[in-house]
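Novice: I'd like to ask you about the structure that follows.
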Amino acid sequence: MIDDTCSIRNSLATNLRTQKGCTLNRKPTNNQNLSKGIWQNDAERPRGGLRDIVYGSVWVIGARWGVRFIGLLSTLILARLLKPDDFGLVAMGAITVQFLLVFADAGQDFAVIRNSEASGEHFDTAWTMSVIIGVCVAAILVAIAPLAGWYFGDPRAVRVIQILALKPLINGFTNVGVLNFRKDLQFDREFIFLVVQRVIVFLIVVAIAFIYRSYWALIIGTLAGELVNVGISYWLHPYRPRFRLSKLREILGYSTWIQFAQIGNFLADRIDQIIVGGIAGTAALGAYNISEDVASSPTNEIVFPIARAAFPVYSRLANDLPRLAETYLGVLAISATISLSTGFGMALVASDFVPIVFGEKWNWIAPLVMWLSIGSGVLGVTRSANMVLAATANGKLFALRNWSFAFLLALGALFGGTISGPSGIAAARTFAIILFIPAVFVAIQRAIPVSSRQIVGAIWRPVIATGCMAVAVTVCGSEAPNLIPLRLVEKVAVGAITFAAASAALWYVIGCPEGPEKIAFMQARNFLVRLVANRKKIRI
């Protein structure tokens, strides 16, 4: 253990190579701020803004897609080795663990990342809180497992939950130093952290599944993933935390409402799955869980990383609200373009995608994938709103927004599930998301100086382009060949070309303003310039 709380950034640079252009303080004081004293002069410090978010998003998206590709490959293999019942049983355990974790999460990570003056004491306090929470949650899970088994109507869930109780216990010891990868926008380090862990877990899970053909492959893989996660966190980052709670009061002062908001966020994300498990049973929950994973992946694996990369930037701009508002509108335009195109795109091809990827026995989940994809696409438009509320210390507004949506979704899911089972719950989730969009933007307008006109101006082009894509794919599908793989390829190609063409045309007609279209145009132009230059060099 390192006794003095030296700068995380300085230690990282000393041990893992320094960043180009940086001069380090070799002898930090005991409680030195972990974010200062790194850059040679103030002009070299990274500045918060849309450029930083785009840069960070590239690394986080790379990590998420690397993880998602491995996860999708794992799902494809496991879907042919295991039964829906197996996925449902493990989903019951995972939901129970996550439900308890979110109640215990004190928001310490948010507090440290947001604090520009965070010292070693802050990092150590956050780590100590995580360890204590992990121990308490594990003990409570063991105790309440029989109650969860009774609710889900499957006695096997009791043993699964008690074993999965090791997950929060292990996770609590993760090196708090890795928070600095996000805090200081070092998303390349986080990329390594996420991808290496996922590759190791993938190999373990698939190997066990091939041997035993049992849900135990998923359980053992989950626990192995946590052990690998902890090990890599200490291997990748040299900071060594120690037990102390000297900054507990300060962290809790910020994080109380964030904690309440996180509970609401969990319910907003999982209440439909909880209701499916209670109404329709283990197999239905397994199918619903897989459907939601497939439906949300195209959107979440791009939009969520953008929101994740945006939070530290938003935090830096918290005292400059006009610039924060400008940055948020830029992120909103990018998020709307990506989420609407991918979410609605997946919905349009769900009937062809499911039998090809999962096999004929999974055909019945295609309607679930369709409804959940639409909901995911719409939700992606508002994904970074929570980050703005958290960064500007609007924890109460953040919490009320999440709890209100969770309540609306619960009512809709109970009604839809009673009438149509899992399909009704999936449809209810989508309608709840659509109905709640105005409330999200009202909350944003209370936190930062943006108008309704500016919000509409950021999203109207991708909305129209999505409508054009839907019409084109629908017309194409009606005349496409009966061979499903070719029809899927045709729909994807037609949808992508139509969305891109419509977006470019609308952008050009209104005078080529700043936005995702201009970013794409500039990147394409730069690529072509480099390509031509390289070809000339080769000829010479």
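The values are calculated or read from the model by the stated rules, or taken from the named source; none is laboratory data. Quick caveat, the model's predicted, so the values are computed rather than measured. Every residue, glycine among them, receives a Cβ derived from its backbone with ideal geometry; neighbour counts consider all protein chains shown.
Novice: Could you please tell me which pairs satisfy a Cβ distance under 8 Å, a separation of 6+ or placement on different chains, a first residue in region 120-134 that is acidic (Asp, Glu), and a second residue that is buried (at least 23 other Cβ atoms within 10 Å of the Cβ) and assigned to a helix (DSSP H, G or I)?
Specialist: Asp124/Val176
Novice: Let me ask something else about it. Within region 398-410, how many residues are surrounded by 22 or more Cβ atoms within 10 Å (Cβ to Cβ) and of a type outside the set (Lys, Arg)?
Specialist: Total satisfying the criteria: 4.
Novice: What number goes with the only condition from (1) farther than 30 Å from Asp86 by Cβ; (2) among the aliphatic types (A, V, I, L, M); (3) part of a helix (DSSP H, G or I) that Ile279 does not pass?
Specialist: (1)
Novice: Now a separate question. Would region 394-408 turn up any residue that is assigned to a loop (DSSP other than H, G, I, E, B) and either of a type in the set (Lys, Arg) or modelled with pLDDT under 85 (or both)?
Specialist: Checking region 394-408: at least one residue is assigned to a loop (DSSP other than H, G, I, E, B) and either of a type in the set (Lys, Arg) or modelled with pLDDT under 85 (or both).
Novice: If you don't mind, there's one more thing I want to ask. Scan region 353-374 and tell me whether some residue there is assigned by TED's automatic domain parsing to the domain that holds Ile448, under 22 Å from Ala443 (Cβ atoms) and not hydroxyl-bearing (Ser, Thr, Tyr).
Specialist: Scanning region 353-374, I find no residue that is assigned by TED's automatic domain parsing to the domain that holds Ile448, under 22 Å from Ala443 (Cβ atoms) and not hydroxyl-bearing (Ser, Thr, Tyr), so the answer is no.
Novice: I would also like to ask the following. Of the conditions (1) of a type outside the set (A, V, I, L, M); (2) modelled with pLDDT under 80; (3) under 18 Å from the mean Cα position of the chain (by Cα), Gly253 clears all except one; give me its number.
Specialist: Gly253 satisfies all of (1) of a type outside the set (A, V, I, L, M); (2) modelled with pLDDT under 80; (3) under 18 Å from the mean Cα position of the chain (by Cα) except (3).
Novice: Ok, one more. Could you check region 122-219 for helices (runs of 4 or more DSSP H) lying wholly inside it with 2 or more residues that are buried (at least 19 other Cβ atoms within 10 Å of the Cβ) and at pLDDT below 80?
Specialist: Helices (runs of 4 or more DSSP H) meeting the threshold: 179-183, 187-212.
Novice: While we're on this one: What helices (runs of 4 or more DSSP H), lying completely within region 415-519, carry at least 3 residues that are at pLDDT below 90 and crowded, with 19+ Cβ neighbours inside 10 Å?
Specialist: Of the helices (runs of 4 or more DSSP H) lying wholly inside region 415-519, those with at least 3 residues that are at pLDDT below 90 and crowded, with 19+ Cβ neighbours inside 10 Å span 422-447, 484-509.
Novice: Sort out which residues of region 307-362 are closer than 27 Å to Asp85 by Cβ and outside any helix (DSSP H, G or I), and write them in order of number.
Specialist: Matches in region 307-362: Gly359 only.
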